[in-house]
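Notes follow the structure.
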């Protein structure tokens, strides 16, 4: 079963009302953390943890069409936090309901296995895209990956730095450089969004461009 068919099947189990969340919102809290999986309809989210000294460590970023938290079918205690990094619309899928459907419907079991395999492969690809090469290449790959119709909801500089494993100062300087070079430009209506020049970004992203671009 391909990813699109698997997502369509699992989305039928979602709660009818979607959640509309601002940037920097947490998905679930305390006892609710392992109660739901979350399907991203629009926006961006990340999975991370914070060290004792407050350092943010990002392990995964999600865009529309990604399902967050499917591993809660097998584990009882979530180990990482989920935060939005742009205004997002998300549907919740009760883990209990998903577990029952998985047990009773072979197609649902196939969908779950397909999405778990996709999560492993997607996570590996993002680790390569956002974790290798120069900081400029990494930030260009992120912008390409996160773009929807050549527009990106830009995370704040602290979270952007965490995503591509660089300092906030470096992330801020690179965004300013890309604007100055005409690679990205501010949306005249929504200040947190930028328009991308895909061709120029690909030139700076290196040979992973095609694998990273949305």
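The values are calculated or read from the model by the stated rules, or taken from the named source; none is laboratory data. All figures in this text were calculated on a predicted structure; none of them were measured in a lab. Note that each Cβ is placed from the backbone with ideal geometry, even for glycine, and that neighbours are counted across all protein chains shown.
Listed by position, the helices (runs of 4 or more DSSP H) contained in region 67-149 that have at least 3 residues being in contact with a helix residue (DSSP H, G or I) (Cβ under 9 Å, 6 or more places away or on another chain) and closer than 23 Å to residue 19 by Cα are 95-104, 106-131.
Conditions (1) out of contact with any strand residue (DSSP E or B) (no Cβ under 8 Å at 6 or more places or on another chain); (2) part of a strand (DSSP E or B); (3) farther than 19 Å from residue 148 by Cβ; (4) assigned by TED's automatic domain parsing to the domain that holds residue 144, marked per residue:
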position	(1), (2), (3), (4)
166	yes, no, yes, yes
169	yes, no, yes, yes
174	yes, no, yes, yes
182	yes, no, yes, yes
194	no, yes, no, yes
199	yes, no, no, yes
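Out of 175, 184, one residue alone is in contact with a helix residue (DSSP H, G or I) (Cβ under 6 Å, 6 or more places away or on another chain), more than 16 Å from residue 55 (Cα to Cα) and in contact (Cβ under 8 Å) with a residue 12 or more places away in the chain. It is 184. Residues that are within 20 Å of residue 13 (Cα to Cα), in contact with a helix residue (DSSP H, G or I) (Cβ under 7 Å, 6 or more places away or on another chain) and either modelled with pLDDT of 90 or more or not assigned by TED's automatic domain parsing to the domain that holds residue 149 (or both) do not occur anywhere in region 40-61.
If you go through region 145-156 and keep only what is over 15 Å from residue 64 (Cβ atoms) and surrounded by 18 or more Cβ atoms within 10 Å (Cβ to Cβ), you end up with 154, 155.
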